[in-house]
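Let me begin by presenting the structure, written as structure tokens, before commenting on it.
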Amino acid sequence: MNNKVLKTLEYENIIKLLEEKAGSEPAKKMCRELRPMTEIHEIEDAQRNTADALERLIKKGSISFGSNRDFGYALKSLEIGSTLTATELLRFARFLTNVGRVKAWGVREKEEEEADSLDDYFDLLEPLKRTAEEINRCILNEDGDMADDASPTLKSIRKNKQITSDKIHSQLNQMVNGSLRTYLQDAVVTMRDNRYCIPVKAEYKGQITGMVHDQSSTGATVFIEPQAVVDLNNRIRELEIEEEKEIQVILATLSGELGVHTTELKTDMDFMTKLDFIFAKGQLALEQNASRPVFNTEHRINIRRGRHPLLDKKKVVPIDVPLGEDYDLLVITGPNTGGKTVTLKTVGLFTLMGQAGLHIPAGDRSELSIFEEVFADIGDEQSIEQSLSTFSSHMRSIVHILENADDNSLCLFDELGAGTDPTEGAALAIAILDHLHSRGIRTMATTHYSELKLYALSTDFVQNACCEFDVETLSPTYRLLIGIPGKSNAFAISRKLGLSDTIIEAAKAQISDDSEHFEDVIADLERSRVQMERDKEEIARQKLEILEKTKALDEKTAKLNDSKDRILREANEEARDILAEAKEYADETIRIMQKAGSNISMKDLEARRQNLRGKMNDKNEKIARKRDEKEPVGLNPKDLHIGDMVKIVSMGMKGTVSTLPDAKGNLYVQCGIIRSQTNIKDLAAVQEQEITGPGMPKSSGGSGKIKMSKALSVSYECNLIGKNVDEALAILDKYLDDAYLSHMSQVRIVHGKGTGTLRNAVQNYLKRCSYVKSYRAGEHGEGDAGVTIAEFK
């Protein structure tokens, strides 16, 4: 890729941003050397690395590579067996410690996670943990201070050195604070030439035996090493020499241990640098909200919502740029400062970034193609006076492009043909574009010439585009519109700025009718497009509103259905529990009665019956409190008569009133074969119905109709106990007629057990009755053999 286009498209500024993300100098150097590639497998590998680094950064956050550096000279020293300094060793130790952190950071938290392209980089890192720990144990800081326990010998030397120093201090302190005090300038012990001395007044220097090492600037004080501590000072000097030798031994030992692993160190340096570089690309993609482009070799570009990476991402307007699918040449027109040049630079810079392995700040599934060369003739400096020298400079660049471009190139021209006579410039521009078009070279060009708009309209595989401009606000919207030639809007802008209509009309008169008609057609197309955009936005808004309402309605319906199912389920469960409890208590009462037989008193039976009734009433009252408030509940005692049809709301059962309510409102209601006690507050009136008996005419009046109120007075039970056969059959005959006319499905005939005579007579009568379908003896809980259940047809 030629260096001129890298500078023209500001690729170097992208590299500077990338370099800032790298943590180590070797990685920064890799960033500075990054250039676009042309082999698709290399590009895809680099893009995959960037994508995997971005994913890891999003999941786990960043990691530091700052301790990585160029250890080239130190490594060569290790390879030839040289001893490193304490500072160099400590830098290696810190580097290896960082290698360990990076390796641990790269380990996947879950084994089932899918491997990525960076796993091998992390796996090949070797922290040399034991060697790094040993160096860190021995060397305290980069100043080269060695720990006392770096070796037993060093520890012993320093201990002896401390003991000797303490002896010197002890003797000198005795001198300073004793008989020599009057000879001294100050009562202190000081150092001169790394030997312990005392400050003696010059006039008394002959009074103290020892070596003079120094004197003050005034000559009033001389620094004397007393003869008594000379041997001890000599001993300290000997120990210092031994200490230095032992430190060198330790450094040589540590260097030897490190030198064994030069291969691992080179590998660590290499992969730490590469990882730092790759994660710098990931950091840049994260900052720019960039995505991985899809590459092809068909020279097809399809940028979706692309943003120039050097502009403020909060302010830049995303653009869509397709090229190479339906057309290979795109002519962009429109007013100045409308975004034409930015569009050219965005396409060119995206191509360079993508081929360098960097993500691009664009929408997902944006497509880029691989070009061996990108050429750009873009002049950022736009002046009012266009001189011949400027035109010549542009033409030299264009000639270079035409000589070197081929079908694997991308060519970008800004204001093609500008800087000379408009007629000649337009003709040259058309000829240049037609030449490139005939060679199948992907090309984008910006222009103000109407001739180029016509060329794009009349030539196959050439397309117009424009940068949208709002005449009302005199400001560009920076939106790129494909398929629509743009207007310079010079007249409209001038009128908006206050230029008189007379001058504007005079200017329009200078334009040929064909040109004016062409501009009018463009203006009409623009107005139609704007209206279509507004209609489209309105349709999208209404569609979104409908979807939201539909979603809300679906949620409401689902919620109602859930509530309905829950209420029914809870009601069924409560009813089941009530019936189960009632059955259990009833069965228990029956078992007690059967067990007691005739020995149980009527008083006990009545007590148990009242106890059972109390439990049922308690349940009924609880259910009554949950009943539907919309259902009219509660009757006036004055309006209630025996035989009236009512509904026990809490039980959901219909029946006839058997007794009138007492002072508390309690009464009995006959529901089929069950006689239930309830409260008047739990009753609801049931509308009377008129029924037609068998054989009765279906007339609207007369005796053919029987009032339901009369029929409802019929009980579901006929008690014949105490009657002889003749009396019982007469009662039974009338009862069955009334019950049948009341549309009862079955009745309960109580005749008792006794000798069985009355039971046989009843059953023989039922056998002969024409509207009795069947009959049977009562079951357990219904009265057993003392009851016959008859079912009507």
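Numbers at a glance
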quantity	calculated
In nm, spacing of pseudo-spin labels at Glu570 and Thr297 (7 Å Cα→C-beta vector)	6.9
Extension gain from Leu310 to Ser745, taking 0.36 nm per residue of separation minus the Cα-Cα distance	147.6 nm
Segment Asp320-Tyr771, extension gain: residue separation times 0.36 nm, minus the distance between their alpha carbons	153.6 nm
Stretchable slack from Ala147 to Glu111, in nm (0.36 nm times residue separation minus alpha-carbon distance)	8.8 nm
At R0 = 22 Å, FRET efficiency that the Cβ-Cβ distance of Val399 and Glu372 yields, to 0.05	0.65
Rounded percent of accessible protein surface that carbon and sulfur make up, the range 32-154, 1.4 Å probe	47
Simple spin-label estimate for Ala506 and Leu660 in nanometres, 7 Å along Cα-Cβ	11.5
Listed pairs Lys110/Lys549; Lys29/Lys245; Lys161/Lys205 exceeding 31 Å between Cα atoms	Lys110/Lys549; Lys29/Lys245
Charge context of Leu660, other residues only, Cβ under 14 angstrom, K/R +1, D/E -1	-1
Per-pair calculated FRET efficiency, R0 = 35 Å: Asn3 and Ala431 via Cβ, rounded to 0.05	0.80
Contact order normalised by residue count of the range 119-197, Cα under 8 Å, 6+ apart, percent	13
Surface per residue (accessible, 1.4 Å probe) for the range 530-580, Å²	93
Distance in nm between pseudo-label sites at Glu44 and Asn234 (7 Å out along the Cβ direction from Cα)	8.2
Hits among aspartates and glutamates - C-alpha to C-alpha of Lys28 under 16 Å, sequence gap 8 or more where chains match	Glu12, Glu19, Glu20, Asp70, Asp270, Asp276
Nearest-0.05 FRET efficiency for Arg439 and Ser392, computed from C-beta distance (R0 25 Å)	0.55
For Ala427, net neighbour charge (Lys/Arg +1, Asp/Glu -1) across residues whose Cβ lies under 14 Å away	-4
Partners for Lys201 among aspartates and glutamates (Cα-Cα distance below 20 Å; same-chain residues under 8 apart left out)	Asp186, Asp193, Asp214, Glu225
Local net charge near Ala552, Cβ-Cβ under 14 Å (Lys/Arg +1, Asp/Glu -1)	0
Carbon/sulfur fraction of accessible area - the range 293-357, other protein chains in place, 1.4 Å, %	48
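The values are calculated or read from the model by the stated rules, or taken from the named source; none is laboratory data. In this text the structure is predicted, and so the values were computed from the model without any measurement. With ideal geometry, Cβ positions are generated from the backbone for all residues, glycine too; neighbour counts draw on all protein chains shown. Areas reflect the complete protein model, heavy atoms only, side chains present, ligands, DNA and RNA absent. Shrake-Rupley method; radii C 1.70, N 1.55, O 1.52, S 1.80 Å.
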